[in-house]
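See structure below.
Every read-out reported here was derived from the displayed coordinates using simple, explicitly stated rules and does not represent laboratory data. Just so it is clear, the model here is predicted, and its values are computed rather than measured. Don't worry about glycine lacking a Cβ; one is built from the backbone with ideal geometry, like all the others, and counts go over all protein chains shown.
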Ligand SMILES: Nc1nc2c(c(=O)[nH]1)N[C@H]1C(S)=C(S)[C@@H](COP(=O)(O)OP(=O)(O)OC[C@H]3O[C@@H](n4cnc5c(=O)[nH]c(N)nc54)[C@H](O)[C@@H]3O)O[C@H]1N2
Ligand SMILES: Nc1nc2c(c(=O)[nH]1)N[C@H]1C(S)=C(S)[C@@H](COP(=O)(O)OP(=O)(O)OC[C@H]3O[C@@H](n4cnc5c(=O)[nH]c(N)nc54)[C@H](O)[C@@H]3O)O[C@H]1N2
Ligand code: SF4
Ligand SMILES: [Mo]
């Protein structure tokens, strides 16, 4: 019998990063444990990371390429070889290119999973500008908004020792999102930092906070401008910074003082004006202070407004690129995602064809499309038809707004390939299924898309079935399309690492690299914007014809903007509470995780329950103007009685028919994607807030 072999690697069951020691015996991973030497996680792992062996060796996992053997969506599949699978895709794509042009192929992924460099390279060299990511509701929209404001994404600098932390729409203890691990927040907090929490729901962090601002969902941009109002009125800003490094201060100040008096901000946000004043003072006068923002601030029509206004808070208080403030981290010297993916090779005439590019100019700048543009192009053929697609690591039928529309469009596309671990409701609509390798089955320079200054060695521990890591799938497909690619995954990694002077083999031994941090870089070279200043007045937005100053625009469906709907839909639905065990639509089939959370939960206030005669633990209908779903009720008096909080990502893998119950509890049946509800510059989806009603029902 073989000895147990231990391999150091990096988890990626969420956005990833935690250091792992994998134990391997007889060619099988039998256990994973936290790596105490990891600079990211210091030995900690969460329930999802620990459950990876249950996922990787799950009996439902698809281990071979498959082709559809019946009608679309009928659930009949036949095993094929990789050669047949890849050649089928290549043949179809070549046909579409010759008949319609490469723009008629959509290449899609879900949330950040460390293969964007390869996926985008495949799309760019194919010549299609239509890459569908989660960017319209997550991260990319944040990056794009900060790009035009201060040059790059500012990150809370926990290691720099903040004395005040503002956790704004984030729940890092459960979500560990992007650059942030809950553990890093916790270490800084335990050193005695003051804590401000801005969240409609009182959770773990709100309970710990010195100040909790229970905001009306979707109104964060107004609150941010309210903070500015206090800071300007009480002259709490850093005068030297403002004089030297803000573009458009006078115009911004006039907008804030005229349009956002605290009485008005209180009315919009439901937060008491004295509490706003107290919080703004605490943030502006405790140095250094950082803001740790979360995804709900992006999943709104005010994505760009909020992100720019709040970047402005970091700037005017002198906390931008300051130790313990919001730093502009320096990445280690590796090739960037943009370089590897060869964005520059997408010809200008193809870039011009990006769906919605002329409407959402900032979205286009960060190579992003809104999915509704893709669904419409499939269904209506306008402005040109989308004929074929390849989706990697994404389940849009469950995770995109107005799910029924997403489902119908994907059912109608002429040809679809899906890369996943499981036959999800989206994968069931495909013609070809390609089996992906989990993070235990891949070699990669991990985290090189993030902005926290690290890259990590993710090492292959095992091979399972005929699964291939996604990077290899794009590389092999690309080569067959006649594109220029390195020969192997490892050669691609050598290329990514080249500027660091290390090969993949050497990097693997080291485990990680860290960029050398320099603060206050702007003092030498200004900010990477056209004026070299923080552009509170954006010269770029102005050039494109948008409002150059941040403002608050009312949530598209709300008691204020659509009062006529209140009779039938009296509550604000806050759609998309995450749980520690699941990752969006993933993990429902993992026994240890599903046992902790067997059912989708909708939280309602006890007063609401009483009004509708609903009991704790009972199933209830949640209805919006788009449709109706069922979730199980949990009473929670830590939310506003006017608000209902539901989980997203639900389908039922245990339901074996090919629908897998995607439309029973899926909250995105309720959310909207109409063009007029999107952020006008970015095309971000207003995903988190709409109106709903609630009523008891018998069972699921
Ligand atoms: N209403 C509402 N909807 C939301 C949200 C919300 O807050 N509210 N949040 C949104 C956000 S922020 C995001 S980012 C999106 C996420 O949206 P998606 O990324 O589409 O959702 P996931 O369920 O994470 O991923 C789908 C599939 O990826 C597969 N997968 C996981 N890892 C890999 C891998 O390494 N390779 C491959 N090939 N497949 C893999 C999983 O098995 C799963 O089936 O959801 C969004 N949807
Ligand atoms: N376990 C788990 N972890 C995940 C994910 C997952 O599905 N499961 N998804 C991953 C992804 S792709 C992302 S983007 C991140 C997101 O992770 P986070 O940025 O932490 O976002 P959320 O957990 O969606 O929401 C954070 C907090 O915002 C509050 N909130 C809701 N609406 C509003 C609002 O309008 N304003 C304010 N101020 N607060 C609001 C919620 O009550 C919640 O406490 O998590 C990642 N990590
Ligand atoms: S927080 Fe994310 S990276 Fe860390 S163990 Fe959990 S799933 Fe893995
Ligand atoms: Mo996300």
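State, to one decimal in nm, how far the label point of residue 697 lies from the label point of residue 380, with both points 7 Å from Cα in the Cβ direction.
Each label point is offset 7 Å from its Cα along the Cβ direction, giving 3.1 nm.
Provide the FRET efficiency to the nearest 0.05 for the residue 186-residue 674 pair, computing r from the beta carbons and using R0 = 60 Å.
Details: r = 40 Å, r/R0 = 0.67.
With a Förster radius of 60 Å, E is 0.90.
If each of residue 495 and residue 528 carries a label point 7 Å out from its Cα toward its Cβ, how far apart are those two points in nm?
2.2
Pairs of alpha-carbon atoms within less than 8 angstrom and 6+ residues apart define the contacts here; what relative contact order does the chain have, in percent?
Values: 1599 pairs, mean separation 130.7, N = 700.
Reported relative contact order: 19 percent.
Zone of residue 234 (label point 7 Å along Cα→Cβ, backbone N under 18 Å): which residues in segment 169-209?
Under 18 Å, as judged by backbone N against the label point of residue 234, lie 194-198 of segment 169-209.
At what distance in angstrom do the alpha carbon centres of segment 1-53 and segment 604-636 lie from each other?
39
Using a simple spin-label model with points 7 Å from Cα along the Cα→Cβ vector, what separation in nm is obtained for residue 98 and residue 76?
3.0
Over the chain, one equal point on each Cα, no solvent: what is log10 I(q)/I(0) by the Debye formula at q = 0.10 Å⁻¹?
Log10 I(q)/I(0), no solvent term: -0.97.
For the pair residue 338 and residue 546, what calculated FRET efficiency results from E = 1/(1 + (r/R0)^6), where r is the Cβ-Cβ distance and R0 = 22 Å, to the nearest 0.05? Kindly include the intermediate steps, with their values, before the conclusion.
Details: r = 24 Å, r/R0 = 1.09.
In this case the efficiency is close to 0.35.
Could you tell me whether segment 214-324 comes out rounded, prolate or oblate from its Cα gyration tensor? Rule is a ≥ b ≥ c as square roots of the eigenvalues, rounded for a/c under 1.5, then prolate if a/b exceeds b/c, otherwise oblate. Walk me through the intermediate numbers first.
Values: a/c = 1.42, a/b = 1.29, b/c = 1.10.
The shape class here is rounded.
As an exercise, use a Förster radius of 22 Å and the Cβ-Cβ distance of residue 520 and residue 243 to find the FRET efficiency, rounded to the nearest 0.05.
Values: r = 16 Å, r/R0 = 0.72.
E(calc), rounded to 0.05, equals 0.90.
Looking at the square roots a ≥ b ≥ c of the eigenvalues of the Cα gyration tensor of segment 110-252, which shape do they give, rounded for a/c under 1.5, prolate if a/b is larger than b/c, or oblate? Numbers along the way, then the final one.
Working: a/c = 1.95, a/b = 1.33, b/c = 1.46.
Judged from the Cα gyration tensor, segment 110-252 comes out oblate (a/c at least 1.5, b/c at or above a/b).
Kindly work out what percent of the DSSP beta bridges joining two residues of the chain are antiparallel, to the nearest 5.
For the chain, the DSSP antiparallel bridge percentage is about 50.
Taking every DSSP beta bridge that has both residues in segment 556-700, what percent is antiparallel when rounded to the nearest 5?
Around 65 percent of the beta bridges assigned by DSSP in segment 556-700 are antiparallel ones.
Taking 0.36 nm per residue of separation and subtracting the Cα-Cα distance, what length does fully extending residue 566 through residue 63 add? Show your work: numbers first, answer last.
On the way: separation 503, 0.36 × 503 = 181.08 nm, distance 4.91 nm.
Length difference between fully extended and current span is 176.2 nm.
Using alpha-carbon pairs under 8 Å, 6+ residues apart, how would you state the relative contact order of segment 397-496 in percent?
On the way: 118 pairs, mean separation 18.5, N = 100.
Computed over segment 397-496, the figure is 19 percent.
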